[in-house]
Amino acid sequence: MNNSTSIYNKLKIDILSQKYPAGFHLKEVLLSRIFKTTRIPLREAIIKLEREGLVKIIPNKGAFVIRLSKKEIEELFEVRESLEIKAGILAIDRANKEQILRIQKDLEKREILFKREKTIDYRVPQKDFHLDILKLSKNKILVSIWKSLNNRLSLVRITSAMHNKRFLKTIEEHKEILHNINVRNYSRTEELIKIHIKEAKINLLLHYKINTK
């Protein structure tokens, strides 16, 4: 792993974990000191993050963590709802008990961490209930589309979860969604996913309102 890749990975985690919040100025001088590196690999990492939609580079001003508009948030959540409802319905038909049980055990482990307010597990992109459900659909194209949006989806989802400690409630919502997939309740699964996503969007918009006053 070269220096640029290492910086990119660390910066991405820091952005998704809210260490560098929306609108944060990624100053090259400061980051060069933090990463003990020259500006060239740092710039390469920032350019890659810009391509992924997590950073915006403004000429003569610098690089900033992306701040999504209300319209962009609305559009992301509309796409997310469509993809996740479809995945949930397909999962009812295609997932086996062993796969569902594995996700259930992961949720139980996370619940323990959340109640202790050790939320680092939530902030790691690989630990993702929603991606697990997408995979249960056994539809590679559906998963691919979702992954193509994953950077921005992760940014809004984690921001929402951290605001007002919503992560303590999300675990209960996740468990209920999984239960209804397991008992093959199509209508309730769709309803719960809609409610879950709506609540996340409301919480996120509240976060942005508070932090942009």
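Observations, loosely collected:
- A Cβ-based charge dipole, computed about the Cα centre of the chain with Lys and Arg at +1 and Asp and Glu at -1, lands at about 660 debye.
- Partners for residue 198 among lysines (Cα-Cα distance below 24 Å; same-chain residues under 8 apart left out): 70, 71, 86, 115, 127, 135, 147, 165, 169, 175, 209, 213
- Environment charge at residue 34 (Cβ cut-off 12 Å; Lys +1, Arg +1, Asp -1, Glu -1): +3
- Mean Kyte hydropathy of -1.0 or more with a Cα span along the axis of at least 30 Å, helices from DSSP in the chain: 70-94, 186-211
- With each label modelled as a point 7 angstrom along the Cα→C-beta vector, the residue 40-residue 27 pair spans 2.5 nm.
- Anisotropy class of segment 70-211 from Cα gyration tensor, a/c 1.5 cut: oblate
- Student exercise, segment 3-65 dipole from Lys, Arg, Asp, Glu Cβ charges, in Debye to nearest 20: 140
- Here's the picture: a label point sits 7 Å out from the Cα of residue 58 along the beta-carbon direction, and within segment 4-43 the residues with their amide nitrogen under 16 Å of it are 21-28.
Values in this text are rule-based calculations from the coordinates and carry no lab data. Since the model is a prediction, treat every value here as computed from it, not as a measurement. Note: ideal-geometry Cβ built from the backbone for every residue, glycine included; neighbour counts use all protein chains shown.
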